[in-house]
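My questions all concern the structure below.
Every number in this text was worked out from the coordinates using simple rules, so none of it is lab data. Computed from a prediction, not measured in an experiment: that's the story for all the values here. Counting neighbours? That spans all protein chains shown, and the Cβs are built from the backbone with ideal geometry, glycine included.
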Amino acid sequence: MTDLSTEISILLRLGAATLIGAVIGLNRDLRGKPTGIRTLGVVGLGSALVVLASLDFKTTEVLDLNPASRAIQGVLTGIGFLGAGVILRDSQGTKVQGLTTAALIWLTACLGVVCGLGAWTVAFVSLFFVLVLLSVGGPLEAWLHRIWGRDDS
């Protein structure tokens, strides 16, 4: 049986992982990419759930991190299959699409793991960085391509 503080901690960890995934998914959805709020919210939630389950839903006094380590390895290995599903080549086989979305699926799983471990500062600082990168990265790449005369379209 868990006490109220443990239950609140579990709720916060699962909720934060879901919310962080949903925020990243919103970015993908607004850009018409193959994943969205639901997909990445579920990836974050599932990752946090696996970590919490490996810790036997104990959010304090974790003495043995070996089970969590194995769960994290399994999440990160397994999530690669989901990410691989969004990577596509064009009909000529010259252009690859979906790498950013695949990377974000992987990152969302990582952030879910971090939430499952309750590392709040790392989780929210990482979310901030990825949102800045997603907002500024595309226009910055386009500007640099114009300056250096490179056209990847």
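Among (i) 1.19; (ii) 1.26; (iii) 1.03, only one was calculated for this model; which label is it, if the read-out is Cα Rg over 2.2 N^0.38 Å?
Of the listed options (i) 1.19; (ii) 1.26; (iii) 1.03, (i) comes from this structure.
Quickly estimate the mean residue ellipticity at 222 nm for the chain, helices only: each DSSP H run with n ≥ 4 gives -39500 (n - 2.57), and the total goes over all residues, rounded to 500.
That comes out to -25500 deg cm²/dmol.
Cut-off is 10 Å between beta-carbons; in what order do ARG13, ARG28 appear when sorted fewest neighbours first?
Ascending Cβ contact count within 10 Å gives the list ARG28, ARG13.
Please check which bits of the range 46-61 a label hung off ARG70 would reach, taking the label as a point 7 Å along Cα-to-C-beta and the cut-off as backbone N under 17 Å.
Backbone N within reach: 50-58.
Given springs between every Cα pair under 10 Å in a Gaussian network model of the chain, which of ARG31, ARG89, ARG70 has the largest fluctuation?
Residue with maximal mean-square fluctuation among ARG31, ARG89, ARG70: ARG89.
Label 7 Å along Cα→Cβ of GLN97; the range 1-36 residues with amide nitrogen under 16 Å?
Residues 28-36 fall inside that zone.
Over the chain, with a Gaussian network built from C-alpha contacts below 10 Å, which listed residue (SER47, SER135, SER126) shows the highest mean-square fluctuation?
SER135
Now, a different point. Take the alpha carbon atoms of the range 104-153, find their radius of gyration, then divide it by 2.2 N^0.38 Å using N residues; give the quotient.
Dividing the Cα radius of gyration by 2.2 N^0.38 Å gives 1.56.
For the chain, modelled as a GNM with alpha-carbon contacts under 10 angstrom, which of LEU131, LEU82, LEU30 fluctuates the most?
Sorting by GNM fluctuation, first place goes to LEU30.
Say each of LEU140 and GLU7 gets a label point 7 Å from the Cα, pointing the same way as Cα to Cβ; how far apart are those two points in nm?
4.5 nm
Also, quick follow-up: In degrees from 0 to 90, rounded to the nearest 10, what is the angle of the helix 4-30 Cα long axis to the longest principal axis of the chain?
10 degrees
Could you give the angle, 0 to 90 degrees to the nearest 10, between helix 37-54's Cα long axis and the longest principal axis of the Cα atoms of the chain?
On a 0 to 90 degree scale, this one is about 40.
For LEU88 paired with VAL132, estimate the spin-label separation in nm (one decimal), with each label point 7 Å from Cα along the Cα-to-Cβ line.
Placing both labels 7 Å along Cα→Cβ, they lie 3.3 nm apart.
Also: How would you rank ILE37, ILE105, going from fewest to most other Cβ atoms within 10 Å of each one's own Cβ?
Starting with the residue having the fewest Cβ neighbours, the order is ILE37, ILE105.
Just want to confirm a number: the relative contact order over the chain, from Cα pairs under 8 angstrom separated by 6+ residues, in percent.
26 percent
Report, to the nearest 10°, how far helix 66-84 tilts away from the longest principal axis of the Cα atoms in the chain, using its own Cα long axis and a range of 0 to 90°.
It is inclined by approximately 30 degrees.
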